[in-house]
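Comments concern the structure below.
The values are calculated or read from the model by the stated rules, or taken from the named source; none is laboratory data. This one's a predicted model, so the numbers in the text were calculated from it and none came from an experiment. Glycine gets a Cβ as well: all are built from the backbone with ideal geometry, and neighbour counts include every protein chain shown. Quick note on the areas: whole protein, heavy atoms, side chains included, nothing else; ligands and nucleic acids left out. Shrake-Rupley method; radii C 1.70, N 1.55, O 1.52, S 1.80 Å.
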Amino acid sequence: MTTDIGTTDTGTTGIGPAAAAAISGAGGRDKPKPPPARHALLHGPIVPTMLRLALPTIAVLVIQTAVGVAETYYVSALGTDALVGAALVLPVSMLMTMVAAGGIGGGVAAAVSRAMGAGRTRDANALVFHALVLAIAFGLAFTVGLGLGGPALYRLLGGTEGALAAALSYSGWLFAGAVPVWIINLMSAVLRGIGNVRVPALVTLVGAAVMIPLSPFLIFGIGPVHGFGVAGAGMAVSGYYTVAAGVLLAYMARGRSGLTLRRVPLEGRLFRDILGVGVVSALSALQLNLITLLVTGAVGRFGTEALAGFGMGSRLDYLLIPLLFGLGTAVLTLVGTAMGAGDGPRARRAAWIGALMGAGVTEAIGLGVALWPSAWVDLFSHDPAVLAHGAHYLRTVGPVYGAVGLTFILGFASQGGGRPLWAFLAGTVRLIVAAGGGWLAVGLGASLGTLFALVAGASLASAALCVTAALTGAIWRPGRE
């Protein structure tokens with residue numbers, strides 16, 4: 001992994017004449033001007049700048065998540081099999097979204113922000129095309145992988161008969177649109193890397209407005225038009241992302257954002273800039289979803305009602321992700337730009353401010369649902385057994401949501417600084433305690449309550465490791481030039 005501190009367009013960036021000509025449009029033109037947001041990212045007051053970057057993303061992602069909650073409500077009307085089938089697919093779809101947005105997307109945003117912080121505008125432009133290539137490759141991998149391996153995966157998670165059929169129907173349509181999902185996420189990461197949060201927010205907002213009427217129409221139909229059941233939910237998601245991806249690519253090609261999507265020669269060093277952070281961050285996202293998958297499998301051993309209740313309770317865990325993602329990407333942009341410009345103290349201040357904000361908000365939510373779990377789980381089911389299991393989960397895990405928030409934001413800060421390894425190690429601790437310890441405990445006859453307690457303890461342990469790494473300066477040591 002190379003850092004970009006102190007490098008400028010006039011230095012030895014390694015870009016060839018052909019690439020420079022392709023990016024600028026003609027070899028003899030002046031170098032591109034950096035977007036005006038760069039000055040605010042480097043010199044503006046941290047809290048207002050962070051909020052300006054975070055709030056639009058948070059607000060719109062909360063709306064998008066609310067659409068997902070509404071979709072779960074729609075699907076629940078189809079019966080328990082459909083509800084369980086959607087719950088089986090949820091961790092896998094969230095894995096793709098998190099790897100695209102916070103994993104590889106984090107690598108894209110970090111590479112772009114460090115390039116802009118160092119004044120390497122041509123590299124930042126070239127990174128746009130490299131991000132598109134990665135989006136197509138990873139999207140196809142998910143489409144093919146879930147098409148071939150989906151049946152075995154959902155059986156492993158406890159899906160049988162009607163629930164398995166519902167999961168496969170939903171999953172098939174959902175992952176048919178994997179490439180557009182990746183394009184949206186990586187192009188949005190490019191824009192966030194230069195401080196442009198308006199366009200990604202607008203794309204998501206329009207998507208929410210489209211999905212609200214489209215999803216129930218495709219699920220239930222209207223009048224003489226028959227719905228497609230749980231498959232309709234997947235059709236709605238794929239259809240929206242396909243249209244939105246085309247719109248966003250057209251916007252990037254026009255260059256109105258400050259960066260321009262153009263075909264350029266592919267360079268290994270630019271892929272390394274993205275993947276050096278993105279792969280480790282993607283592995284961290286994989287860990288988080290692997291924990292959910294393995295814990296889901298362990299819960300499944302207690303029966304369908306326990307599985308449904310856990311699915312409804314754990315969906316709130318995913319509701320935290322848009323909040324943390326919006327704040328975390330703001331922290332990443334501030335940290336990455338500051339590190340690219342060689343301003344380590346500003347990067348550290350931004351990281352700690354964001355981490356404390358994230359911990360405070362998520363802890364407030366966690367305490368609320370721990371005290372009043374029925375306010376959440378009653379939205380999805382009226383089965384007393386399902387409600388009891390969902391409430392049990394929230395009472396156990398809700399009080400440690402603050403630790404989850406702290407870990408997430410420090411993880412984004414480490415991405416901006418180009419040192420995501422500590423966040424990965426924290427995820428490893430959480431995986432060992434929650435998933436490994438959980439399966440061992442269940443195998444030895446432990447109760448469902450013990451399994452939930454291990455999930456909570458794992459969050460505390462991972463937060464402790466991240467805080468220790470930040471306090472000792474481990475995540476701020478510069479990488480190799």
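In the condition set (1) open to solvent by 10 Å² or more (accessible area, probe 1.4 Å); (2) modelled with pLDDT under 85; (3) of a type outside the set (Asp, Glu); (4) in a helix (DSSP H, G or I), LEU78 is compliant with all but (4).
Has region 342-350 got at least one residue that is in contact with a Ser or Thr (Cβ under 9 Å, 6 or more places away or on another chain), outside any helix (DSSP H, G or I) and either among the acidic types (Asp, Glu) or under 30 Å from TRP372 (Cα atoms) (or both)? Yes, there is a match, as at least one residue in region 342-350 is in contact with a Ser or Thr (Cβ under 9 Å, 6 or more places away or on another chain), outside any helix (DSSP H, G or I) and either among the acidic types (Asp, Glu) or under 30 Å from TRP372 (Cα atoms) (or both). Under the condition of being open to solvent by 30 Å² or more (accessible area, probe 1.4 Å) and farther than 16 Å from ALA456 by Cβ, the residues counted in region 301-340 number 7. Which residue out of VAL190, VAL210, VAL181 is assigned to a helix (DSSP H, G or I), under 16 Å from TYR251 (Cα atoms) and either touching a helix residue (DSSP H, G or I) at 6+ places or on another chain (Cβ under 6 Å) or not hydroxyl-bearing (Ser, Thr, Tyr) (or both)? One residue alone meets the criteria, VAL190.
Would you mind stating whether ARG263 is open to solvent by 10 Å² or more (accessible area, probe 1.4 Å), touching a helix residue (DSSP H, G or I) at 6+ places or on another chain (Cβ under 8 Å) and outside any helix (DSSP H, G or I)? Answer is yes for this residue. For region 159-172, the tally of residues that are buried (at least 23 other Cβ atoms within 10 Å of the Cβ) and assigned to a loop (DSSP other than H, G, I, E, B) stands at 1.
Going through THR450, THR428 one at a time, which residue ends up being under 25 Å from LEU156 (Cβ atoms), in contact (Cβ under 8 Å) with a residue 12 or more places away in the chain and of a type outside the set (A, V, I, L, M)?
Numbers: THR450 fails: in contact (Cβ under 8 Å) with a residue 12 or more places away in the chain.
None of the others qualify; the one that does is THR428.
Among the residues of region 410-418, some residue qualifies, meaning at least one is at pLDDT 90 or above, within 18 Å of GLY360 (Cα to Cα) and crowded, with 17+ Cβ neighbours inside 10 Å. The set of residues from region 359-408 being open to solvent by 10 Å² or more (accessible area, probe 1.4 Å) and assigned to a loop (DSSP other than H, G, I, E, B) comprises TRP372, ASP378, LEU379, PHE380, SER381, HIS382, ASP383.
This table checks each residue for (1) at pLDDT 85 or above; (2) in contact with a Leu (Cβ under 6 Å, 6 or more places away or on another chain).
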site: GLY309; (1), (2): no, no
site: LEU327; (1), (2): yes, no
site: GLY340; (1), (2): no, no
site: ILE353; (1), (2): yes, no
site: ALA359; (1), (2): yes, yes
site: TRP372; (1), (2): yes, no
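A Cβ distance below 6 Å, combined with a sequence gap of six or more or placement on separate chains, defines the contacts here; from region 194-211, residues that are over 17 Å from ILE58 (Cβ atoms) reach residues that are in a loop (DSSP other than H, G, I, E, B) in the pairs ILE194/PRO35; ILE194/GLY258.
Matching residues to (1) in contact (Cβ under 8 Å) with a residue 12 or more places away in the chain; (2) part of a helix (DSSP H, G or I); (3) touching a Ser or Thr at 6+ places or on another chain (Cβ under 7 Å); (4) more than 18 Å from LEU294 (Cβ to Cβ):
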| position | (1), (2), (3), (4) |
| --- | --- |
| MET94 | yes, yes, no, no |
| ALA135 | yes, yes, no, yes |
| GLY149 | no, yes, no, no |
| PHE175 | yes, yes, yes, yes |
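Scan region 189-222 for residues that are open to solvent by less than 10 Å² (accessible area, probe 1.4 Å) and under 12 Å from TYR241 (Cβ atoms) and the total you get is 1.
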